[in-house]
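Below is one structure, written out as structure tokens, with a few remarks after it.
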Amino acid sequence: MLQDKITTLTSEINAFSTTNASELEQFRIKFLGTKGIIKDIFEEFKTVSVEEKKVLGKVLNEFKQITETKYNELKEFIDTHSTQSETAKIDLTLPGEGFEIGSRHPLALVRREIVEIFAKLGFSVAEGPEIEDDWHNFSALNFPPEHPARDMQDTFFIKKDSENGDIALRTHTSSVQVRMMENGKPPFRAIMPGRVYRNEAISARAHCFFHQIEGLYVDENVSFADLKQTLFYFVQELYGEGTQVRFRPSYFPFTEPSAEMDISCSICKGEGCQMCKGSGWVEILGCGMVDPNVLENCNIDSKKYSGFAFGMGIERIANLKFEIKDLRLFSENDVRFLKQYKSSLI
Ligand code: DAH
């Protein structure tokens, strides 16, 4: 009986193999553990006759030996191979895994440069909401009620409400001027960067959203000469010493007098090229003296205070700096385009 049992168990042990440490541990517990099979067999051995003991004693010892040898061999194999494979995984000669650092968006680079130039003149940065009411986007800025800019063609209206005023996506950052003046006391000296929206068909030259920087300076005795000097300094800083400027009379509801400012073409230096359409000049911004009506709409005494304002498109400035001819590139997020504008400013 016991003999048969041992024979079956021996073939089970011979057939057993594993490279898995926890399976081997199960094996050890099953056969060699304190409550294991070998322990049981030795208990059973005590009950057999003296005659049988003579034969079985040897068989039993051999069986124990086989089991222990099997266990030790497998254990050694697992131990050596598991440590070897861990080391094999690490190849110290392999080069490190490189990763690319992203780059600033060209519009962010230009915005930052502009902010830094005006900071030197004491201009702080202010922001306002992109969803605006009629008052801040139009009425307070002296837009006549039937002004075409209020028309559906230009403005994305969110809610038409003749009683409380329409709600729309702001069409320009001039709305932030109003918010700033309503909520503070002069002097004001700030620039206001932000995204604006216009209901235009998307093409290389027009987009339904773009970015502007508005500027405002209000104090006692601010004159047009201050406006010219500020913008002249700005242009020298941005496009380099010697860049020419010229002011052309223009019209904006919120400034009087109003002007558009051109600079000598930064690409051909006035020689005439595609960017300036051969004229040697490119328009970069609108500006003027804040209309007294706007000051009064914001509860500022227009007899005591005067100010100037200006507004420019960031895409336009970036076009001139980087010669990007298609506006759509700015919002397509094509990494091949974006990674050309690596900057030392992270
Ligand atoms: N808001 C004007 C626009 O979107 C730009 C502008 C022109 C802003 C003249 C000004 C300004 O502050 O004085 O076209």
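When the range 203-229 is examined, which residues are found to be among the aliphatic types (A, V, I, L, M) and outside any helix (DSSP H, G or I)?
Listed by number, the residues that qualify are A204, A206, I213, L216, V218, V222.
Please indicate, with yes or no, whether at least one residue in the range 165-180 is open to solvent by 70 Å² or more (accessible area, probe 1.4 Å) and more than 13 Å from the ligand (Cβ to nearest atom).
no
Assess whether I131 counts as being open to solvent by 90 Å² or more (accessible area, probe 1.4 Å) and modelled with pLDDT under 85.
no
Going residue by residue through the range 22-30, is there one that turns out to be touching a Leu at 6+ places or on another chain (Cβ under 8 Å) and open to solvent by 30 Å² or more (accessible area, probe 1.4 Å)?
Checked against the condition, which is being touching a Leu at 6+ places or on another chain (Cβ under 8 Å) and open to solvent by 30 Å² or more (accessible area, probe 1.4 Å), the range 22-30 yields no hits at all.
For the range 137-154, what are the residues that are surrounded by fewer than 21 Cβ atoms within 10 Å (Cβ to Cβ) and under 15 Å from P253 (Cβ atoms)?
Those that are surrounded by fewer than 21 Cβ atoms within 10 Å (Cβ to Cβ) and under 15 Å from P253 (Cβ atoms): S139, N142, F143, P144, P145, E146, H147, P148, A149, R150, D151, D154.
Between a first residue in the range 230-249 that is in a helix (DSSP H, G or I) and a second residue that is among the hydroxyl-bearing types (S, T, Y), which pairs have beta carbons less than 8 Å apart while being 6 or more apart in sequence or on different chains?
T230/Y217; V235/T243; Q236/T243; Y239/S266
Could you list all residues from the range 111-128 that are part of a loop (DSSP other than H, G, I, E, B) and open to solvent by 50 Å² or more (accessible area, probe 1.4 Å)?
Passing the criteria: L121, E127.
Quickly run through the range 282-321 and pick out the residues that are farther than 17 Å from I213 by Cβ and either among the hydroxyl-bearing types (S, T, Y) or open to solvent by 60 Å² or more (accessible area, probe 1.4 Å) (or both).
P292, N293, E296, N299, D301, S302, K303, K304, Y305, S306
The values are calculated or read from the model by the stated rules, or taken from the named source; none is laboratory data. Source: prediction; values computed, not measured. Note that we place each Cβ from the backbone using ideal geometry, even for glycine, and neighbour counts take in every protein chain shown. Protein only, heavy atoms only, side chains kept; ligands, DNA and RNA dropped before computing areas. Shrake-Rupley method; radii C 1.70, N 1.55, O 1.52, S 1.80 Å.
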